[in-house]
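Participant: Just dropping this structure here.
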Amino acid sequence: MSTHRTMGQSHPHESAYAQVAGAAHYIDDLPEVKGTLYAAPILSPVAHGRLNGLDTAPALAMPGVRAVVLAQDIPGAPVLAAFAHDEPIFAHDTVHHVGQVLGLVVATSVMEARRAARAVRPDITPLPAILTIDAALQAQSQVLPPVVVRRGMPEAALQAAPHRLSGQLEVGGQEHFYLEGQIAYALPLEQGQWWIHSSTQHPGEVQHWVAHALGISNHAVRVECRRMGGGFGGKETQAGHLAVWAALAAHKTGHPVKLRLDRDDDFMVTGKRHPFAYQWDVGFDDTGRIQGLVLRMAANCGFSADLSGPVCDRAVFHADNAYYLENVEITSHRCRTHLQSHTAFRGFGGPQGVIAIETIIGDIARALGRDALDVRLANLYGTTERNVTHYQMPVEDNILHDLLPKLELSAQYRQRQEAISTWNSTSLVLKRGLAITPVKFGISFTATLFNQAGALVHVYTDGSVQVNHGGTEMGQGLHTKVAQIVADELGVPLHRVRVTASDTSKVPNASATAASSGTDLNGRAAQFAARNVRDNLASFVCGLDGCGAGAIRFEGGRVVSPTAERSFEDVVNAAYANRIQLWSDGFYRTPKIHYDKTTLTGRPFYYFAYGAACTEVAVDTLTGESRVLRVDILHDVGHSINPAIDIGQIEGGFVQGMGWLTTEQLVWNDQGLLTTHAPSTYKIPATGDIPAHFKVALWPEANREDNVGGSKAVGEPPFMLAISVYEALRNAVAAARGNATAPVQLTAPATAENLLHAIDAMD
């Protein structure tokens with residue numbers, strides 16, 4: 001490998017220095033156009049009711065208020081251009097959750113708008129509200145029909161199995177808690193055109209939604225996003241709401257309008273990770289190998305479909321995690337409730353699938369008195385047999401048979417299990433638990449059409465390079481990796497490459513930056529664009545030096561032929577003088593993928609990413625307080641494009657997953673009000689929750705599929721490594737009881753209260 005290559009090396013995030021210095025611009029930092037107004041939402045105080053009207057007079061009489069924007073002010077379609085067309089832009093006739101936006105107040109300052117919005121008096125006749133999964137199932141309330149995936153003869157296998165267990169589990173949702181809240185800035189331009197600054201993971205969708213609401217063509221709307229202060233899936237669809245609202249306010253007033261939700265309103269308005277409830281019946285042999293499984297998964301989707309369909313599909317796809325299920329039936333219910341419409345969140349349903357099977361395997365191990373790692377190893381997918389998923393996709397790249405034993409040794413799992421057993425036998429109050437759990441996570445959008453990307457590469461006459469692609473930067477380092485890929489393709493130093501803001505006027509119809517596919521898609525598109533320019537330059541140089549184009553090398557800022565060596569800048573200038581094209585587009589679509597949306601069978605993923613985590617915890621059995629003591633991770637990112645960024649993603653994903661399963665509890669009261677709607681009551685992990693021993697190692701093998709640089713996706717898979725925390729906590733709870741073989745029912749998140757409930761249930 002050339003010493004000049006940037007791929008495979010750790011480089012700082014392209015905005016790191018600007019972010020540390022406070023010089024990186026987010027939307028609220030942009031210079032404001034003269035005449036800018038500010039909007040604030042009017043929120044429903046009722047979970048479900050008939051909307052009879054709004055008394056806006058008190059708001060309109062307040063200082064600085066310029067307008068109130070309601071459903072009747074929408075010039076285009078009154079519903080959002082989401083795929084299900086089941087969500088109104090502003091509530092009309094009926095309200096469907098506490099915090100639903102009824103309209104906007106527009107004023108000359110942010111605080112004037114917010115105060116006035118709270119002065120609007122809605123007239124709502126309350127109606128019965130469905131707030132839980134159980135209530136939705138009883139009422140057959142659903143946003144989409146149930147889906148069933150079945151293989152083999154699960155009922156017969158259950159009957160024939162030597163051992164059988166049934167169980168249930170509830171797993172809560174999760175607030176995205178992005179550092180930069182939801183925000184949009186809408187600027188009306190000349191001749192009916194619009195410029196939208198949106199903190200969004202999907203500028204193309206924002207463009208379409210705004211055009212749909214305004215009743216104009218997509219070409220009249222330009223959407224731009226330089227960076228986000230975090231997204232985590234919460235800005236995949238729901239950033240579009242903000243942009244539509246701001247654009248409607250700008251349309252009515254004729255002024256630019258900025259809309260930024262404060263943290264409390266953000267909690268109340270936006271959707272979360274889907275809470276899930278599970279029931280299962282499992283049969284297994286003496287080794288713990290699963291012979292039959294019937295699993296019901298029910299998701300709390302909120303009041304509209306949003307992305308619940310593909311989220312629940314992915315939960316079905318990942319209900320196997322790393323394990324072969326020969327006889328299985330999985331039923332997925334998509335429940336409609338009168339809560340915020342839940343949406344994408346890192347892992348996109350995958351974590352909700354994985355935690356179910358890991359819980360089942362943990363209980364199987366307890367029932368047999370076996371070490372859970374041995375049961376997991378007994379159930380792993382094979383490499384030449386037992387290697388087809390329940391949705392009919394072959395598992396062709398399974399490395400867990402090598403990866404898990406390596407982590408077992410490096411983390412000293414067996415020795416520590418013995419030491420913990422000794423500790424627990426003598427410690428009356430503090431109990432410890434240890435667990436290793438694997439991850440097998442499919443990489444690609446579950447909606448096949450989104451697996452495409454475009455990019456532009458411009459080489460200027462001074463040899464500098466500008467790149468634009470359809471992905472968005474939300475702190476994950478996408479722009480940095482794309483710049484590395486382009487730099488290596490052209491053989492120039494990394495500092496000579498600049499990635500610009502995501503912009504619908506440059507790369508149209510781009511997919512969301514989601515599904516961990518940002519680098520896979522956009523990096524490969526940018527690579528192809530850069531390769532086109534390089535090929536143009538190589539053909540030009542071979543004409544000068546009388547050699548084949550394949551003999552030309554680009555490295556270290558030099559262009560080398562068998563007979564001459566020139567600087568990249570000199571070649572570019574000479575090529576320009578000879579009218580050689582110095583810019584190009586690039587397009588990439590993921591190969592091999594296909595599946596039947598009705599039966600959920602086929603090959604929905606290009607490849608799998610793998611990993612495993614070994615986690616040790618301690619639980620105070622008197623207070624329920626828990627602590628993560630040690631974490632060892634071995635994770636598969638293929639040939640890493642940027643190891644520092646990848647390790648940061650693994651660490652961040654793990655900690656975010658740990659928060660989902662330990663401290664981040666969403667509580668709605670019996671009126672449908674989210675009571676944990678601020679940092680004072682909703683607790684994400686802090687620095688004090690990070691264990692002193694937190695070791696991350698990268699698996700050294702390249703991706704077996706032809707992916708950019710031999711890399712693998714890294715954004716989402718590490719999130720599920722945190723399920724090792726949950727399983728370690730369950731093991732600690734089991735150590736606190738007299739009956740070592742009974743299942744451990746621990747509601748997630750495993751707060752102190754829920755841990756105490758789990759311990760008390762075993763007395």
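Participant: Scan the stretch 426-470 for residues that are under 30 Å from D374 (Cβ atoms) and surrounded by fewer than 18 Cβ atoms within 10 Å (Cβ to Cβ) and jot them down.
Facilitator: Result: T426, S427, L428, V429, L430.
Participant: If you check V708, V744, which single one turns out to be over 24 Å from the mean Cα position of the chain (by Cα), assigned by TED's automatic domain parsing to the domain that holds F441 and either at pLDDT 95 or above or surrounded by fewer than 24 Cβ atoms within 10 Å (Cβ to Cβ) (or both)?
Facilitator: After ruling out the rest, the residue left standing is V744.
Participant: Evaluate the following for V631: is it of a type in the set (A, V, I, L, M, F, W, C) and touching a Phe, Trp or Tyr at 6+ places or on another chain (Cβ under 6 Å)?
Facilitator: yes
Participant: Going by the structure shown, is L407 touching a residue at least 24 places away in the same chain (Cβ under 8 Å), in a strand (DSSP E or B) and more than 23 Å from S502 (Cα to Cα)?
Facilitator: Against the criterion (touching a residue at least 24 places away in the same chain (Cβ under 8 Å), in a strand (DSSP E or B) and more than 23 Å from S502 (Cα to Cα)), L407 does not qualify.
Participant: Here's another thing I want to ask about it. Among (1) part of a helix (DSSP H, G or I); (2) in contact with a helix residue (DSSP H, G or I) (Cβ under 7 Å, 6 or more places away or on another chain); (3) not hydrophobic (A, V, I, L, M, F, W, C), there is one condition E418 misses while meeting the rest; what is its number?
Facilitator: Result: E418 passes all but (2).
Participant: Scan the stretch 489-529 residue by residue and report those that are buried (at least 24 other Cβ atoms within 10 Å of the Cβ), touching a Ser or Thr at 6+ places or on another chain (Cβ under 6 Å) and either of a type in the set (A, V, I, L, M) or over 18 Å from T472 (Cβ atoms) (or both).
Facilitator: Answer for the stretch 489-529, where residues must be buried (at least 24 other Cβ atoms within 10 Å of the Cβ), touching a Ser or Thr at 6+ places or on another chain (Cβ under 6 Å) and either of a type in the set (A, V, I, L, M) or over 18 Å from T472 (Cβ atoms) (or both): just A529.
Participant: Follow-up. Is it true that A129 is part of a helix (DSSP H, G or I) and surrounded by 14 or more Cβ atoms within 10 Å (Cβ to Cβ)?
Facilitator: No; evaluated as a whole, the condition is false for this residue.
Participant: Name the residues in the stretch 381-401 that are under 22 Å from L698 (Cα atoms) and more than 28 Å from the chain's Cα centre (by Cα), would you?
Facilitator: Once the filter is applied, which keeps residues that are under 22 Å from L698 (Cα atoms) and more than 28 Å from the chain's Cα centre (by Cα), the stretch 381-401 yields only T383.
Participant: Would you say A184 is of a type in the set (G, A, S), within 22 Å of V33 (Cβ to Cβ), buried (at least 18 other Cβ atoms within 10 Å of the Cβ) and within 30 Å of the chain's Cα centre (by Cα)?
Facilitator: yes
Participant: Right, something else. Which members of the stretch 473-500 meet the condition of being farther than 22 Å from E651 by Cβ, within 28 Å of the chain's Cα centre (by Cα) and either part of a loop (DSSP other than H, G, I, E, B) or of a type in the set (K, R) (or both)?
Facilitator: Selection gives R498, T500.
Participant: Which of the residues spanning the stretch 726-749 are assigned to a loop (DSSP other than H, G, I, E, B) and either within 18 Å of W660 (Cβ to Cβ) or not aliphatic (A, V, I, L, M) (or both)?
Facilitator: Within the stretch 726-749, R737, G738, N739, T741, P743, Q745, L746, T747, P749 meet the criteria.
Participant: Does V617 qualify as being at pLDDT 95 or above and under 30 Å from K481 (Cβ atoms)?
Facilitator: Against the criterion (at pLDDT 95 or above and under 30 Å from K481 (Cβ atoms)), V617 does not qualify.
Participant: Also: Answer yes if at least one residue in the stretch 288-302 is buried (at least 21 other Cβ atoms within 10 Å of the Cβ), over 30 Å from A365 (Cα atoms) and in the same structural domain as P743 (by TED's automatic domain parsing), and no otherwise.
Facilitator: Yes: the stretch 288-302 contains one or more residues that are buried (at least 21 other Cβ atoms within 10 Å of the Cβ), over 30 Å from A365 (Cα atoms) and in the same structural domain as P743 (by TED's automatic domain parsing).
Participant: With respect to V110, determine if the residue is in contact (Cβ under 8 Å) with a residue 24 or more places away in the chain, crowded, with 20+ Cβ neighbours inside 10 Å and among the β-branched types (V, I, T).
Facilitator: Spelling it out, it is not the case that V110 is in contact (Cβ under 8 Å) with a residue 24 or more places away in the chain, crowded, with 20+ Cβ neighbours inside 10 Å and among the β-branched types (V, I, T).
Participant: Still on this model: State which residue is surrounded by the fewest Cβ atoms within 10 Å (Cβ to Cβ) when the search covers only the stretch 609-626 and only residues that are touching a helix residue (DSSP H, G or I) at 6+ places or on another chain (Cβ under 8 Å) and among the charged types (D, E, K, R).
Facilitator: Only one residue fits best here, namely E625.
Participant: For the stretch 7-28, indicate whether the set of residues that are crowded, with 16+ Cβ neighbours inside 10 Å, under 30 Å from G710 (Cβ atoms) and small (G, A, S) is non-empty.
Facilitator: Within the stretch 7-28, one or more residues are crowded, with 16+ Cβ neighbours inside 10 Å, under 30 Å from G710 (Cβ atoms) and small (G, A, S).
Participant: So, one more: Can you give me the number of residues within the stretch 317-331 that are surrounded by 24 or more Cβ atoms within 10 Å (Cβ to Cβ) and either over 19 Å from R603 (Cα atoms) or without any contact (Cβ under 8 Å) to a residue 24 or more places away in the chain (or both)?
Facilitator: 0
Participant: Before we move on, is N509 among the polar types (S, T, N, Q), at positive phi and not in a helix (DSSP H, G or I)?
Facilitator: Considered against the rule, which asks whether it is among the polar types (S, T, N, Q), at positive phi and not in a helix (DSSP H, G or I), N509 comes out as yes.
Participant: Here is a follow-up. Exactly one condition in (1) part of a strand (DSSP E or B); (2) under 26 Å from R5 (Cβ atoms) is false for A538; which is it?
Facilitator: (1)
Participant: Now a separate question. Looking only at the stretch 11-45, count how many residues are in a loop (DSSP other than H, G, I, E, B), touching a Lys or Arg at 6+ places or on another chain (Cβ under 7 Å) and under 30 Å from L339 (Cβ atoms).
Facilitator: Adding up the residues that qualify gives 1.
Participant: Filter the stretch 659-676 for residues that are among the aliphatic types (A, V, I, L, M) and outside any loop (DSSP other than H, G, I, E, B); which is surrounded by the most Cβ atoms within 10 Å (Cβ to Cβ)?
Facilitator: My answer is L661.
Residue by residue, here is whether (1) more than 24 Å from the chain's Cα centre (by Cα); (2) closer than 18 Å to G181 by Cα holds:
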site: A250; (1), (2): yes, no
site: T253; (1), (2): yes, no
site: D262; (1), (2): no, yes
site: M268; (1), (2): no, yes
site: H274; (1), (2): no, no
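Participant: Still on this structure, please answer the following. Given I216, I196, which one is on the phi < 0 side of the Ramachandran plot, touching a helix residue (DSSP H, G or I) at 6+ places or on another chain (Cβ under 7 Å), assigned to a loop (DSSP other than H, G, I, E, B) and not assigned by TED's automatic domain parsing to the domain that holds Q665?
Facilitator: The unique qualifying residue is I216.
Participant: Pick out the one residue from R346, R334 that is in contact (Cβ under 8 Å) with a residue 60 or more places away in the chain and in a loop (DSSP other than H, G, I, E, B).
Facilitator: R346
Participant: Can you find a residue that is over 28 Å from A322 (Cα atoms), under 20 Å from the mean Cα position of the chain (by Cα), crowded, with 16+ Cβ neighbours inside 10 Å and assigned by TED's automatic domain parsing to the domain that holds A319 anywhere in the stretch 631-650?
Facilitator: No; the residues of the stretch 631-650 include none that is over 28 Å from A322 (Cα atoms), under 20 Å from the mean Cα position of the chain (by Cα), crowded, with 16+ Cβ neighbours inside 10 Å and assigned by TED's automatic domain parsing to the domain that holds A319.
Participant: Go over the candidates D313, D402, D363 one by one and state the one that is part of a helix (DSSP H, G or I), over 22 Å from M658 (Cα atoms), touching a residue at least 60 places away in the same chain (Cβ under 8 Å) and among the acidic types (D, E).
Facilitator: Only one candidate passes the filter, namely D313.
Participant: If you go through the stretch 530-553 one residue at a time, how many are in contact with a Lys or Arg (Cβ under 8 Å, 6 or more places away or on another chain) and surrounded by fewer than 15 Cβ atoms within 10 Å (Cβ to Cβ)?
Facilitator: Adding up the residues that qualify gives 0.
Participant: Name the one entry in A139, A129, A61 that is in contact (Cβ under 8 Å) with a residue 24 or more places away in the chain and out of contact with any Cys (no Cβ under 8 Å at 6 or more places or on another chain).
Facilitator: A129
The values are calculated or read from the model by the stated rules, or taken from the named source; none is laboratory data. Computed from a prediction, not measured in an experiment: that's the story for all the values here. Virtual Cβ from ideal backbone geometry, glycine too; neighbours counted across all protein chains shown.
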